[in-house]
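Just dropping this structure here.
The values are calculated or read from the model by the stated rules, or taken from the named source; none is laboratory data. Fair warning: this is a prediction, and the values are worked out from it, not measured in the lab. For neighbour counting, all protein chains shown are included, and Cβ atoms are generated from backbone atoms with ideal geometry for every residue, glycine included. Accessible surface is based on the protein model in full, side chains and every heavy atom, while ligands, DNA and RNA are left aside. Shrake-Rupley method; radii C 1.70, N 1.55, O 1.52, S 1.80 Å.
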Amino acid sequence: MWPENTLHRSNEGEKKNRSTEQSEGILYIQPKDLLDHYPRCLTDRLVEMAHRYPDRSLVAQRDCQGGWRHVSYQEMLLAVRRIGQSLLDRGMTAERPVLILSGNGIEHLQLALAALYAGIPYCPVSPAYSVVSQRFTLLSRIVNRVTPGLVFAAEGDLYAQAISATIPHSVEVVTVSGQVSDRDTTSFLQLSSTIPTTVDQVNLKISPDQAAKYLFTSGSTCQPKAVITTHRMLCANQQMLLQSIPCLGEKMPVLVDWLPWNHTFGGSHNVGLTLYNGGTYYIDEGKPTDKHFALTCENLRDISPTMHFNVPIGWGYLIRALECDSDLRDSFFRDVEFFFYAGAGLSQSLLNRLNRLSIAQRDKHVPIISGLGMTETAPTATLTHQTCNSSSFIGLPVPGCEVKLVPLQGRYEIRFRGPHVTPGYWRMPELTKQAFDEDGYFRSGDAVQFMDWRSPETGLKFDGRIGEDFKLSTGTAVNVKRFRDRIMQLGSSLVKGVAITGINRDSVGALIFPCIDQCRMLSGLPISTDLVEVLSHPTVVQYFRMLLIQFNQKGSGSTRRLSFIYLLSDPPDMDYHEITDKGGVNQNAVIVRRSQLIDELYKGHLPRTIHATDDPSLPTECHSASQK
């Protein structure tokens, strides 16, 4: 299943002209398998599949009666040509792209593929920036960066306030339903009714290196940037996946997927995988939340996927549901070839439970794979070549992806070069220049190590984001990922997110965003009870006291122990970018925004803290805490 790789150290030729870093100790990994031919642009596959499988469903979505509305490859191509002509008639260009505000949906996909077919970039953004944010700070920045020529929101009423606050009146707004009170809107039906005239000729002239879309990074370490994603990147990456996972081309892919299309995992990886291999994509409008996950289960009982992709929180919900629902297990495991997780490491307990379910249902392990990917690599750069038995295992580079490992304080920064790597950030030339080293490798900012130093061919493991790590006042380095992963593992049921403190301090602390509903259940208090009272309840305090004790029992020294835990009563604020688009906590943004709170914590001025002691057998000072 897995292509071979070659590992070698830097040679004299590679050392030449390297002026900004030491070459000693640099390692290179080169896949032995060459990357096969791939199409000029992704819509070439749409044209091909429309001829080969005209009546096969490309996409399906629940309708208002609870059934599935299907769009075939042939129907999609016709809609794409019509909408693409409409975009050309409106003078859309890379300087005036299409901005998509709403979430996953058939019309969203039709518009996105039409933009690709007409050679016009599009930019999907997180719906939360419009419907959750109160100040539309991030959306305003995105609008100013991309200067859209057309904005799409499926539900005009839902997005009206955001549009009024951020979109200039000169920009056309297209909706499927609803209105925006302060301006005229164009119906999506009108957009898709244009007779194609020149769009097919324009499509034939598209260069693989033209921008296909602008994807904003999730902002895990800084403010989001608009990553230029080219047609070459999308096609090369799908060919890399096909050569790494041959079953994609052997059995028609069927996906039941909720992952958002404004993110590279859902939009570039999963949608691209379906189209590239002639599969069918069922839009799952459920979400991994207490309120919305029942819909995901209903969809998976109805449709048996051939593969399943998810982030760790989604796998947590799904595994719990599978363990107690035999009908769901029967449908889910019937045709599935492999499982995939990304976005963060999957805990060992979840891996073990998923393996147990596989054996009970199929009498064998269904392969569980993962890898390392990012928006700038379209997204896949490495994949595991065997079932993951470690949550941090990321495997080896896919065919066509060259890897450079640069030594960094006992680990390596991993860098990438290949046809799947972005040319840079839209309208940010300085950041683009900084993103690449002198050999043309993209600086990922991710740290890795070998799973086994004695057998490097075994693969790599992820070891955190370099930009999140910091040093204590003693000069010793703190690996944020190791602290965060351990806290999330110990407190998986009550911990929603964590930020680690201690920059230029004497010790490490943790700001914890608790799972409020679970804390209420644990406390036994009525739902109307004030949140501070809930977090101050003895059972909640005792839970986090034991978490702190258990954490410190396995650690010694200032870089392995927590000096305190502080429970925050207010959630991470999207407008301050404290939460990423993937739902994770933005470590750096939390530390910056709450710097005054952190100062008070280290001065000892805040009494509502859970403190550690040198002897874990002794009581700790246990108080819940809130940030107002």
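Show the residue pairs that are 6+ apart or on different chains and have beta-carbon atoms under 6 Å apart, the first residue being within the range 457-479 and within 15 Å of Ile414 (Cβ to Cβ), the second being surrounded by 16 or more Cβ atoms within 10 Å (Cβ to Cβ) and of a type in the set (Lys, Arg).
Asp463/Arg411; Gly464/Lys481
Of the residues in the range 576-587, how many are of a type in the set (S, T, N, Q) and part of a loop (DSSP other than H, G, I, E, B)?
Step one: filter the range 576-587 for residues of a type in the set (S, T, N, Q), giving 580, 586-587.
Next, only the ones that are part of a loop (DSSP other than H, G, I, E, B) stay: 580, 586.
Residues that pass the stated criteria total 2.
Only residues that are surrounded by fewer than 24 Cβ atoms within 10 Å (Cβ to Cβ) and among the small types (Gly, Ala, Ser): list them for the range 498-516, please.
Hits for the range 498-516 are Ser507, Gly509.
With respect to Leu275, is the statement that it is closer than 25 Å to Pro260 by Cβ and in contact with a Lys or Arg (Cβ under 8 Å, 6 or more places away or on another chain) true?
Criteria met by Leu275.
Given the residues Gly278, Gly266, Gly178, which is the only one that is surrounded by fewer than 17 Cβ atoms within 10 Å (Cβ to Cβ) and touching a Leu at 6+ places or on another chain (Cβ under 9 Å)?
After applying the criteria, what remains is Gly178.
Give just the number: which of (1) out of contact with any Gly (no Cβ under 8 Å at 6 or more places or on another chain); (2) surrounded by fewer than 22 Cβ atoms within 10 Å (Cβ to Cβ) does Thr229 not satisfy?
(2) is the only condition that Thr229 fails.
Still on this model: Could you figure out which of (1) under 17 Å from the mean Cα position of the chain (by Cα); (2) under 30 Å from Thr559 (Cα atoms); (3) of a type outside the set (Phe, Trp, Tyr) isn't true of Thr375?
(2)
Can Lys461 be described as open to solvent by 30 Å² or more (accessible area, probe 1.4 Å) and in a strand (DSSP E or B)?
Details: open to solvent by 30 Å² or more (accessible area, probe 1.4 Å): yes; in a strand (DSSP E or B): yes.
Criteria met by Lys461.
Name the residue, out of Asn5, Asn11, Asn17, that is polar (S, T, N, Q), closer than 30 Å to Leu460 by Cα, crowded, with 19+ Cβ neighbours inside 10 Å and modelled with pLDDT under 90. Step through it out loud before you land on a result.
On the way: Asn11 fails: crowded, with 19+ Cβ neighbours inside 10 Å; Asn17 fails: crowded, with 19+ Cβ neighbours inside 10 Å.
Being polar (S, T, N, Q), closer than 30 Å to Leu460 by Cα, crowded, with 19+ Cβ neighbours inside 10 Å and modelled with pLDDT under 90 holds for just one of Asn5, Asn11, Asn17, which is Asn5.
Limited to the range 424-458, what total is found for residues that are small (Gly, Ala, Ser), more than 28 Å from Ile591 (Cβ to Cβ) and part of a helix (DSSP H, G or I)?
Here the count works out to 0.
From Leu346, Leu350, which residue is buried (at least 20 other Cβ atoms within 10 Å of the Cβ), more than 18 Å from the chain's Cα centre (by Cα) and hydrophobic (A, V, I, L, M, F, W, C)? Show your work before the answer.
Details: Leu346 fails: more than 18 Å from the chain's Cα centre (by Cα).
Within the list Leu346, Leu350, the selection yields Leu350.
Okay, moving on. I need the full set of residues from the range 241-270 which are under 30 Å from Lys32 (Cβ atoms) and either polar (S, T, N, Q) or within 14 Å of the chain's Cα centre (by Cα) (or both), in order please.
Gln243, Ser244, Thr264, Phe265, Ser268, His269, Asn270, listed by residue number.
Looking at Ser349, Ser358, which is the one that is more than 28 Å from Gly272 (Cβ to Cβ) and among the polar types (S, T, N, Q)? Can you show your working first?
Details: Ser358 fails: more than 28 Å from Gly272 (Cβ to Cβ).
After ruling out the rest, the residue left standing is Ser349.
Rundown of residues vs (1) closer than 30 Å to Glu48 by Cα; (2) in contact (Cβ under 8 Å) with a residue 12 or more places away in the chain; (3) exposed (fewer than 14 other Cβ atoms within 10 Å of the Cβ), yes/no style:
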residue	(1), (2), (3)
Val173	no, yes, no
Ser193	yes, yes, yes
Thr198	yes, yes, yes
Ile206	yes, yes, no
Lys225	no, yes, no
Leu248	yes, yes, no
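So, in the range 500-529, how many residues would count as being touching a helix residue (DSSP H, G or I) at 6+ places or on another chain (Cβ under 9 Å) and among the acidic types (Asp, Glu)?
1
If you don't mind, another one. Search the range 256-279 for residues that are on the phi > 0 side of the Ramachandran plot and pair each with any residue that is outside any loop (DSSP other than H, G, I, E, B) and open to solvent by 10 Å² or more (accessible area, probe 1.4 Å) when their beta-carbon atoms are under 9 Å apart and the residues are at least 6 apart or on different chains.
The qualifying pairs are Gly278/Arg45; Gly278/Glu48; Gly278/Arg52; Gly278/Gly249.
Give just the number: which of (1) open to solvent by 50 Å² or more (accessible area, probe 1.4 Å); (2) modelled with pLDDT of 95 or more does Tyr425 not satisfy?
Only one criterion in (1) open to solvent by 50 Å² or more (accessible area, probe 1.4 Å); (2) modelled with pLDDT of 95 or more is unmet by Tyr425, namely (1).
Also, quick follow-up: Please go through the range 464-493 and pick out each residue that is open to solvent by less than 10 Å² (accessible area, probe 1.4 Å) and either of a type in the set (S, T, N, Q) or over 20 Å from the mean Cα position of the chain (by Cα) (or both).
Leu472, Val478, Phe483, Ile487, Gly491
Another question, then. Given the structure, is Thr613 β-branched (Val, Ile, Thr), assigned to a loop (DSSP other than H, G, I, E, B) and modelled with pLDDT of 65 or more? Steps first, answer last, please.
Values: β-branched (Val, Ile, Thr): yes; assigned to a loop (DSSP other than H, G, I, E, B): yes; modelled with pLDDT of 65 or more: yes.
Spelling it out, Thr613 is indeed β-branched (Val, Ile, Thr), assigned to a loop (DSSP other than H, G, I, E, B) and modelled with pLDDT of 65 or more.
Here is a list: Val59, Val71. Which entry is more than 30 Å from Phe136 (Cβ to Cβ) and either at pLDDT 95 or above or part of a loop (DSSP other than H, G, I, E, B) (or both)? Give the derivation first.
On the way: Val59 fails: more than 30 Å from Phe136 (Cβ to Cβ).
Val71 is the lone residue from the list that is more than 30 Å from Phe136 (Cβ to Cβ) and either at pLDDT 95 or above or part of a loop (DSSP other than H, G, I, E, B) (or both).
Still on this structure: So how many residues does the range 553-573 have that are under 14 Å from Arg594 (Cβ atoms) and modelled with pLDDT under 90?
Selection size over the range 553-573: 1.
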